[in-house]
1. Identify all residues within the range 190-244 that are among the β-branched types (Val, Ile, Thr), part of a loop (DSSP other than H, G, I, E, B) and closer than 30 Å to Leu58 by Cα; write none if there are none.
2. Mind listing just one residue for me: the one in the range 245-260 that is in contact (Cβ under 8 Å) with a residue 60 or more places away in the chain and assigned to a helix (DSSP H, G or I) and, of those, most open to solvent (accessible area, probe 1.4 Å)?
3. Scan the range 71-101 for residues that are open to solvent by less than 50 Å² (accessible area, probe 1.4 Å), outside any helix (DSSP H, G or I) and touching a Leu at 6+ places or on another chain (Cβ under 9 Å) and report the count.
4. For the range 109-119, give me the residue count where each residue is within 19 Å of the chain's Cα centre (by Cα) and either surrounded by fewer than 17 Cβ atoms within 10 Å (Cβ to Cβ) or more than 13 Å from Val15 (Cα to Cα) (or both).
5. Tell me, yes or no, whether the range 14-32 has at least one residue that is open to solvent by 50 Å² or more (accessible area, probe 1.4 Å) and at pLDDT below 90.
6. Determine whether the range 165-178 contains at least one residue that is under 20 Å from Leu232 (Cα atoms), part of a loop (DSSP other than H, G, I, E, B) and either at pLDDT below 95 or open to solvent by 40 Å² or more (accessible area, probe 1.4 Å) (or both).
7. Quick check, is Asp183 farther than 21 Å from Ile126 by Cα, charged (D, E, K, R) and in a loop (DSSP other than H, G, I, E, B)?
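The values are calculated or read from the model by the stated rules, or taken from the named source; none is laboratory data. Computed from a predicted model, the values in this text were never measured in an experiment. Note that each Cβ is placed from the backbone with ideal geometry, even for glycine, and that neighbours are counted across all protein chains shown. With ligands, DNA and RNA removed, areas are computed over all heavy atoms of the protein, side chains included. Shrake-Rupley method; radii C 1.70, N 1.55, O 1.52, S 1.80 Å.
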Amino acid sequence: MSETIASPTRRKVVVMTAGGLNPTVVIQHLATCGFDVEVILENPEAKGEITRRRARRLGWLNATGQLGTMIAARLLRRLADRRIADLLDRHGLQRELPQTIPIQPVTSINAPETAALVEELDPGAILLVSTRLMSARQLSAMPCPVINLHAGINPNYRGQMGGYWSLRENDADNFGATLHLVDTGTDTGGTLYEIRTRPERADFISTYPLLLTIASLDITRQSIEDALKGRLAPKTPQGPSALRFPPTLWSWIWCGLTRRIW
């Protein structure tokens with residue numbers, strides 16, 4: 001776990017992301033709150049590489065089925081546009097970043113160029129939103145606390161699709177998000193804050209992440225503020241721990257048809 005405490009005088013925040021609507025919403029919010037935000041934008045991981053990595057862990061049948069769900073969710077985003085527009089309008093959020101926010105493109109958050117860039121920017125806090133995992137070597141080179149916004153309640157909903165899995169496991173009270181310190185595991189670092197909310201009937205697998213991101217904006221701001229003021233107080237997450245992956249296409253369809261959990 002990163003134990004570095006930021007200097008209270010530094011206000012610069014670096015947000016590392018592979019892009020997308022969810023990090024855009026977070027960056028907007030931090031900028032509106034008065035933080036000096038700079039974005040490091042990495043190239044997204046190729047779907048083929050992600051599938052091969054999952055296949056080594058879970059087998060090709062499961063990995064291919066998970067890829068099918070991700071493709072279906074992407075295709076269904078058009079159906080989610082009305083709900084997404086409603087959420088953005090309700091909270092006064094935009095789909096695009098303000099042009100005043102600097103964006104630095106890199107190949108990966110783990111690349112040597114990224115470490116050099118962070119050293120140059122000298123931030124008081126780093127926030128990961130929708131990135132690949134940060135390597136242990138890169139994490140050790142970071143000069144300040146590294147925080148992750150995770151769309152799930154740790155430790156039972158680590159990994160991906162935490163909101164979906166909480167509903168599928170009849171655990172709707174844990175439909176939520178976690179802000180935590182980054183360590184060398186997958187969503188295993190000390191918990192800073194949690195937030196829980198409820199999906200509406202219009203929500204499904206393509207809107208859960210945005211819903212959770214918006215719900216977590218205040219605790220994201222609070223986590224960054226704590227890091228900048230040197231008052232982080234991480235707690236060890238309690239309860240059963242499980243690493244989650246997207247459901248296979250056939251199990252997602254079955255659960256949707258039989259239990260109305262899409």
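1. Residues satisfying the conditions are Ile205, Thr207, Thr236.
2. Trp250
3. 1
4. So the answer is 1.
5. Checking the range 14-32: not a single residue is open to solvent by 50 Å² or more (accessible area, probe 1.4 Å) and at pLDDT below 90.
6. no
7. Details: farther than 21 Å from Ile126 by Cα: no; charged (D, E, K, R): yes; in a loop (DSSP other than H, G, I, E, B): yes.
When the stated conditions are applied, Asp183 does not pass them.
Per-residue answers, yes or no, for (1) farther than 18 Å from Ile224 by Cβ; (2) modelled with pLDDT under 95:
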site: Leu88; (1), (2): yes, no
site: Gly92; (1), (2): yes, yes
site: Ile103; (1), (2): yes, no
site: Asn110; (1), (2): yes, no
site: Thr114; (1), (2): yes, no
site: Ile126; (1), (2): no, no
